[in-house]
Amino acid sequence: MLDLACGQGRHSRWLAELGYRVEALDRNESALAKLADIPGITTRLADVEGGPWPYHARHFDGIVVTNYLHRPLLPLLINALDEGGVLIYETFMTGNERHGKPSNPHFLLRPGELLEIVRRRLSVVSFEQGEVVLPHPAVMQRLCATRGATLNIG
């Protein structure tokens, strides 16, 4: 499982508690240091915007990305998803500028953008976009998609 741009590791910690082996990637060394001794979590310090993509030869059964957007990574994430793997992606979209940051269009998805990018290569399980109030008011896109095999829940 890959937690891309993991920050303080909220999702990495939760997934490790559920028994998943997680690779937590971020460019913030001090944030990663807080995850270093947690069983089930391996950390990787990398700047995926300014440096090379570290996973050309690696595949993950799950990839989680939240509150982060660097459009050139989207095809690389799809390529790094293993057969039957799950991509969970949630980040801000246009309209969020009225709630604060991020407000730069470079960091905001356009309507339907995430869906359009993945649906040619993955099977979309769920997609949402629009205004949310919790945990704080924002305008978001959320997507869950699988590569190939049908997702079995239950």
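The residues of segment 72-103 that are open to solvent by less than 60 Å² (accessible area, probe 1.4 Å) and assigned to a helix (DSSP H, G or I), listed by number, are L73, L74, L76, L77, I78, N96. State whether one or more residues within segment 17-29 are among the aromatic types (F, W, Y), in a helix (DSSP H, G or I) and open to solvent by 60 Å² or more (accessible area, probe 1.4 Å). Checking segment 17-29: not a single residue is among the aromatic types (F, W, Y), in a helix (DSSP H, G or I) and open to solvent by 60 Å² or more (accessible area, probe 1.4 Å).
So in segment 34-53, with the set limited to residues that are more than 22 Å from L81 (Cβ to Cβ) and touching a strand residue (DSSP E or B) at 6+ places or on another chain (Cβ under 8 Å), which one is modelled with the lowest pLDDT?
From segment 34-53, those more than 22 Å from L81 (Cβ to Cβ) are 34-39, 45, 50; that's our starting set.
Of the ones still in play, those that are also touching a strand residue (DSSP E or B) at 6+ places or on another chain (Cβ under 8 Å) are 35-36, 45.
Values: L35: 96, A36: 90, L45: 97.
Looking at the filtered set, the residue picked out is A36.
Check segment 104-125 and report whether any residue there is modelled with pLDDT under 90, open to solvent by less than 90 Å² (accessible area, probe 1.4 Å), in contact with a helix residue (DSSP H, G or I) (Cβ under 9 Å, 6 or more places away or on another chain) and not in a helix (DSSP H, G or I). Yes, segment 104-125 contains at least one residue that is modelled with pLDDT under 90, open to solvent by less than 90 Å² (accessible area, probe 1.4 Å), in contact with a helix residue (DSSP H, G or I) (Cβ under 9 Å, 6 or more places away or on another chain) and not in a helix (DSSP H, G or I). Of all residues in segment 122-142, those that are closer than 18 Å to G62 by Cα have Cβ atoms under 8 Å from Cβ atoms of residues that are assigned to a strand (DSSP E or B) and of a type in the set (D, E, K, R), 6 or more apart or on another chain, in S126/R142; F127/R142; R142/E90; R142/E128.
Scanning for something part of a strand (DSSP E or B), open to solvent by 50 Å² or more (accessible area, probe 1.4 Å), within 20 Å of H11 (Cβ to Cβ) and in contact with a Gly (Cβ under 9 Å, 6 or more places away or on another chain), does segment 54-69 turn up at least one residue?
First, pick out the residues of segment 54-69 that are part of a strand (DSSP E or B): 60-66.
Add one more test, that the residue is open to solvent by 50 Å² or more (accessible area, probe 1.4 Å), and what stays is 61.
Adding the requirement that they be within 20 Å of H11 (Cβ to Cβ) leaves 61.
So of that shortlist, the ones also in contact with a Gly (Cβ under 9 Å, 6 or more places away or on another chain) come out as 61.
Within segment 54-69, one or more residues are part of a strand (DSSP E or B), open to solvent by 50 Å² or more (accessible area, probe 1.4 Å), within 20 Å of H11 (Cβ to Cβ) and in contact with a Gly (Cβ under 9 Å, 6 or more places away or on another chain).
The values are calculated or read from the model by the stated rules, or taken from the named source; none is laboratory data. Predicted, not measured: the structure shown is a model, and the values here were computed from it. FYI the Cβ positions are ideal-geometry reconstructions off the backbone, even for glycines, and counts take in every protein chain you see. These area figures cover heavy atoms from the full protein model, side chains too; ligands, DNA and RNA do not enter into them. Shrake-Rupley method; radii C 1.70, N 1.55, O 1.52, S 1.80 Å.
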